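Structure first, then comments.
The values are calculated or read from the model by the stated rules, or taken from the named source; none is laboratory data. The structure displayed is predicted, hence computed values, not measured ones. Backbone-built Cβ (ideal geometry, glycine too); neighbour counts: all protein chains shown.
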Amino acid sequence: MTLRFYDSATASVRDFVPVYPGEARIYYCGATVQGAPHIGHVRSGLVFDQLARWLTYRGFKVTTVRNVTDIDDKILVNSAASFDSDYSGDYPREQWWALAYRFEGIFGVAYEALNIARPTYEPRATGHIPEMFALIQRLIDRGHAYPALDGSGDVYFDVRSWAQYGSLTRQRVEDMQDAPDADPRGKRDPRDFALWKGHKEGDPETARWESAWGAGRPGWHLECSAMAGKYLGETFDIHGGGLDLRFPHHENEMAQSQAAGFGFANFWMHNGLVNYEGEKMSKSIGNIITPEQMLEMARPLVVRYYLGQAHYRSVLDYRPTSLEEARVAVERLEAFLAQTLAFHRADARVPQAFAEAMDDDLNIPRALAVLHELTRAGNAALAAGESAQQEAEQVYAMARVLGLVELMSFAGTPASDGGAAEHAALDSLIQTMLTQRAEAREAKDWARADQIRDALAAAGVTVKDGLSGSTWSLS
């Protein structure tokens, strides 16, 4: 089956045809490091981790870029608040760059805990100012940007100069809200958005770069266009992020990049948001759940399974029972794999039904149905004393593609490729002992047979005799 993904720009599911044969180039919006992450941020990272893993499994050379926005209005505001006379925060007063670096690290801990693979590149906005200058000048030269009319040093994108503006979210300019960038007296149209923000009184002296338009700092939307172009080229395959970024962020990215003459993204993929018992998560309401809180309530394996179990485009609704339901589901899978360690193979292939589900717009719920059905079939085979080799190989392959295996624990030993090799060696030794036990039983040397079984039991190995021979598992 052909790989197909939903493209937000065309509101349709389309065949995936890579820009460069055999490659898949993905940019997705990472953290604006003004504060600690909530689970919506981490869900987005997990969704695009699942996508990258599947494209890799399908044979593509995958390049992923996840940016870090480390200069932003809210970062400056939060830093300034730490210097207020009544500040009583948990951390010392922090310059904006120190605050950004600290929260970048907290995001990284959450990603790593949930086995969200590091991207190929994770660029910071502050490291790409020259690329932003070049993009701004290109837009000015092409008649799509202008320095602010009030001489403030701001530079704006002229939305009315680009007829396609609004196409990603299917809006008319007349129906859009004003861009909240600066005093509208500096703009031709109140909906024009800032590419460059001139240095204002009260801004930190360290948060400014000299430019042809005056000292200042980059606008949020400009950063992603510059970084995507640098690492993935003028045209690349997929741009992703949370649904809340479609407007204005992604609309503005697409407009400025295409107005500069670049093809930019062939697909726009947006993951759904996370609600709390049917309501949007909000700091003002106080219903935010953080990855740290989730990881205090459940193992990383359970949290990853929970955050990754729904279709990526759907809303994920968190309830107090959600993690317990996920725990029951994933530990049943883990228990089956723990009993069949001998059959885990790094080169095992997923079953066709699973592959078809993943190819069909990354349909994780359908794929998980295949995973659990094969787990049930494997458990039934073991209960009947039959071999579950085929089921174990395929279940292991599916769990591995979904990024679950590395978080599993088999008798206290995390599973990995290296772990699988160790288990294969262990299986070879145990199979030798089982062969000796079978020979003893054939010779009616019951004492010898029991001695071997007791020795295995003392080592934590349970032996189960069946019609097709004996199998083992770790107790």
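When Thr63, Thr120, Thr69, Thr126 are screened for being crowded, with 21+ Cβ neighbours inside 10 Å, touching a residue at least 12 places away in the same chain (Cβ under 8 Å), in contact with a Phe, Trp or Tyr (Cβ under 9 Å, 6 or more places away or on another chain) and of a type in the set (Ser, Thr, Tyr), only Thr69 passes.
The single condition among (1) assigned by TED's automatic domain parsing to the domain that holds Ile129; (2) of a type outside the set (Ser, Thr, Tyr); (3) modelled with pLDDT of 95 or more; (4) within 29 Å of Met358 (Cβ to Cβ) that Asp244 does not meet is (3).
Can Ser322 be described as of a type in the set (Ser, Thr, Tyr) and touching a residue at least 60 places away in the same chain (Cβ under 8 Å)? No, not satisfied.
When the residues of region 4-27 are filtered to those that are touching a strand residue (DSSP E or B) at 6+ places or on another chain (Cβ under 7 Å) and of a type in the set (A, V, I, L, M), the one that is surrounded by the most Cβ atoms within 10 Å (Cβ to Cβ) is Ile26. Against the conditions (1) over 17 Å from Ala36 (Cα atoms); (2) crowded, with 18+ Cβ neighbours inside 10 Å; (3) in contact with a strand residue (DSSP E or B) (Cβ under 8 Å, 6 or more places away or on another chain), Val303 satisfies every one except (3). Would you be able to tell me the number of residues in region 49-98 that are among the aromatic types (Phe, Trp, Tyr), farther than 16 Å from Ala31 by Cβ and part of a helix (DSSP H, G or I)? Residues that pass the stated criteria total 2.
Across region 1-19, the qualifying residues are those that are free of Cβ contacts under 8 Å to residues at least 40 places away in the same chain and not in a loop (DSSP other than H, G, I, E, B), and the one among them that is farthest from Gln164 (Cα to Cα) is Asp15. Would region 266-280 turn up any residue that is out of contact with any His (no Cβ under 6 Å at 6 or more places or on another chain), surrounded by 17 or more Cβ atoms within 10 Å (Cβ to Cβ) and within 24 Å of Trp96 (Cα to Cα)? No: zero hits. Return the residues of region 281-298 that are within 18 Å of the chain's Cα centre (by Cα), of a type in the set (A, V, I, L, M, F, W, C) and surrounded by fewer than 18 Cβ atoms within 10 Å (Cβ to Cβ); say none if nothing qualifies. Listed by number, the residues that qualify are Ile289, Leu295.
So that you can scan it fast, the table gives a plain yes or no per residue for (1) aliphatic (A, V, I, L, M); (2) closer than 30 Å to Asp317 by Cβ:
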position	(1), (2)
Pro21	no, no
Ala36	yes, yes
Gln50	no, yes
Asn67	no, yes
Glu104	no, yes
Ala113	yes, yes
Ile116	yes, yes
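When the residues of region 29-60 are filtered to those that are within 23 Å of Arg400 (Cα to Cα) and of a type in the set (Val, Ile, Thr), the one that is surrounded by the fewest Cβ atoms within 10 Å (Cβ to Cβ) is Thr56. Screening Met227 against (1) modelled with pLDDT under 95; (2) within 30 Å of the chain's Cα centre (by Cα) leaves a single unmet condition, (1).
If you check Tyr111, Tyr101 for being under 20 Å from Glu205 (Cβ atoms) and in a helix (DSSP H, G or I), only one passes: Tyr101. When Val395, Val328 are screened for being among the hydrophobic types (A, V, I, L, M, F, W, C) and modelled with pLDDT of 95 or more, only Val395 passes.
Annotation: of all residues in region 370-392 being crowded, with 21+ Cβ neighbours inside 10 Å and over 15 Å from Ala353 (Cα atoms), the one that is nearest to the chain's Cα centre (by Cα) is Ala392.
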